[in-house]
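Peer 1: Okay, handing you the structure first.
The values are calculated or read from the model by the stated rules, or taken from the named source; none is laboratory data. The structure displayed is predicted, hence computed values, not measured ones. Neighbour counts are summed over all protein chains in view; Cβ atoms, including those assigned to glycine, are modelled from backbone coordinates with ideal geometry.
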């Protein structure tokens, strides 16, 4: 029988002031991590590329195009699932170590015994709220358009109801995406790097975002913009965009929170 060593709880880190220069440096470092070990990035990005293609295929073949819109825009919310692998690659590089498939995937697997499952449940719950809300918004504004096939009649989105639906859906989606961003942008790398409970990690992440609001808003908008553009060419851009964003987030975490003593 084997026993697992229980690590002592880490001290809650202090929050630093994050500048736009730090953000630029984090993005540059993230690109450097991807270029140093592109196969890892392509692997993790490939999972989401295949997921996006699967969503498109299922919704298009079943004639449920509106579900593609709901799931497609909510799809990036699931990005944190693979973030731990990207964080581990960046952490290896900053230690001067060479990441291996066994080490990276093993580290990701070992998170099942830590706090990651709890925070992922929170992410899944918010994603479920989005899918429910998206369906309800569609039903409220387009439910009376029973004779309209939106799979072939996209003009329906240019009607008053269609534009209102898109506006309301965008506001609700932006709020939920912002909530996930606020509690995970620092929370996920913090859980990988230190021994803290997921509630503390989310609180620290939330505080970091609001104490550095201008920079963190810009970073959040960059993430949204890059992901939207990456999804346009049939999700192919996710192969590069997701790993670079994941690596950059790790370096931004290092700049935003004080190192462990």
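Peer 1: Just name the residue that is modelled with the highest pLDDT out of those in the stretch 50-77 that are surrounded by fewer than 15 Cβ atoms within 10 Å (Cβ to Cβ) and under 19 Å from the mean Cα position of the chain (by Cα).
Peer 2: Looking at the filtered set, the residue picked out is 50.
Peer 1: Let me ask another. Within the bounds of the stretch 158-173, is there any residue that is within 30 Å of residue 254 (Cβ to Cβ), under 17 Å from the mean Cα position of the chain (by Cα) and at pLDDT 80 or above? Steps first, answer last, please.
Peer 2: Initially, the stretch 158-173 is screened for residues within 30 Å of residue 254 (Cβ to Cβ), giving 173.
Right, trim to under 17 Å from the mean Cα position of the chain (by Cα) and you get 173.
Of the ones still in play, those that are also at pLDDT 80 or above are 173.
Yes: the stretch 158-173 contains one or more residues that are within 30 Å of residue 254 (Cβ to Cβ), under 17 Å from the mean Cα position of the chain (by Cα) and at pLDDT 80 or above.
Peer 1: Next up: For the stretch 26-49, indicate whether the set of residues that are modelled with pLDDT under 85 and either buried (at least 19 other Cβ atoms within 10 Å of the Cβ) or closer than 19 Å to residue 254 by Cβ (or both) is non-empty.
Peer 2: Residues of the stretch 26-49 modelled with pLDDT under 85: 48.
Checking the rest, the ones that are also either buried (at least 19 other Cβ atoms within 10 Å of the Cβ) or closer than 19 Å to residue 254 by Cβ (or both) come to 48.
Yes; the residues of the stretch 26-49 include at least one that is modelled with pLDDT under 85 and either buried (at least 19 other Cβ atoms within 10 Å of the Cβ) or closer than 19 Å to residue 254 by Cβ (or both).
This table checks each residue for (1) assigned to a loop (DSSP other than H, G, I, E, B); (2) surrounded by fewer than 21 Cβ atoms within 10 Å (Cβ to Cβ).
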| residue | (1), (2) |
| --- | --- |
| 162 | no, yes |
| 171 | no, yes |
| 174 | no, yes |
| 195 | yes, yes |
| 201 | no, no |
| 206 | no, yes |
| 210 | no, yes |
| 246 | no, no |
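Peer 1: Follow-up. What are the residues in the stretch 115-141 that are under 18 Å from residue 200 (Cβ atoms) and either in contact with a strand residue (DSSP E or B) (Cβ under 7 Å, 6 or more places away or on another chain) or surrounded by fewer than 17 Cβ atoms within 10 Å (Cβ to Cβ) (or both), if any?
Peer 2: We begin by selecting, within the stretch 115-141, every residue under 18 Å from residue 200 (Cβ atoms); these are 115-123.
Of everything in the stretch 115-141, those that are under 18 Å from residue 200 (Cβ atoms) and either in contact with a strand residue (DSSP E or B) (Cβ under 7 Å, 6 or more places away or on another chain) or surrounded by fewer than 17 Cβ atoms within 10 Å (Cβ to Cβ) (or both) turn out to be 117, 118, 121.
Peer 1: Okay, moving on. What single numbered condition from (1) without any contact (Cβ under 8 Å) to a residue 12 or more places away in the chain; (2) closer than 25 Å to residue 45 by Cα fails to hold for residue 192?
Peer 2: The number of the failed condition is (1).
Peer 1: Related question: Only residues that are part of a loop (DSSP other than H, G, I, E, B) and at pLDDT 85 or above: list them for the stretch 1-25, please.
Peer 2: Looking only at the stretch 1-25, we keep the residues that are part of a loop (DSSP other than H, G, I, E, B), and these are 1-14, 16-19.
Matches in the stretch 1-25: 11, 12, 13, 14, 16, 17, 18, 19.
Peer 1: Please state which one of 252, 239 is buried (at least 17 other Cβ atoms within 10 Å of the Cβ) and modelled with pLDDT of 95 or more. Show your work before the answer.
Peer 2: Values: 239 fails: modelled with pLDDT of 95 or more.
252 is the lone residue from the list that is buried (at least 17 other Cβ atoms within 10 Å of the Cβ) and modelled with pLDDT of 95 or more.
Peer 1: Of all the residues that make up the stretch 204-221, how many are without any contact (Cβ under 8 Å) to a residue 12 or more places away in the chain and either in contact with a strand residue (DSSP E or B) (Cβ under 6 Å, 6 or more places away or on another chain) or under 28 Å from residue 95 (Cβ atoms) (or both)?
Peer 2: Selection size over the stretch 204-221: 0.
Peer 1: Within the stretch 143-155, can one find any residue that is touching a helix residue (DSSP H, G or I) at 6+ places or on another chain (Cβ under 8 Å), in contact (Cβ under 8 Å) with a residue 12 or more places away in the chain and part of a helix (DSSP H, G or I)?
Peer 2: no
Peer 1: Please specify each residue of the stretch 177-186 satisfying the condition of being buried (at least 18 other Cβ atoms within 10 Å of the Cβ) and either out of contact with any helix residue (DSSP H, G or I) (no Cβ under 9 Å at 6 or more places or on another chain) or over 16 Å from residue 248 (Cβ atoms) (or both).
Peer 2: Those that are buried (at least 18 other Cβ atoms within 10 Å of the Cβ) and either out of contact with any helix residue (DSSP H, G or I) (no Cβ under 9 Å at 6 or more places or on another chain) or over 16 Å from residue 248 (Cβ atoms) (or both): 177, 180, 182, 183.
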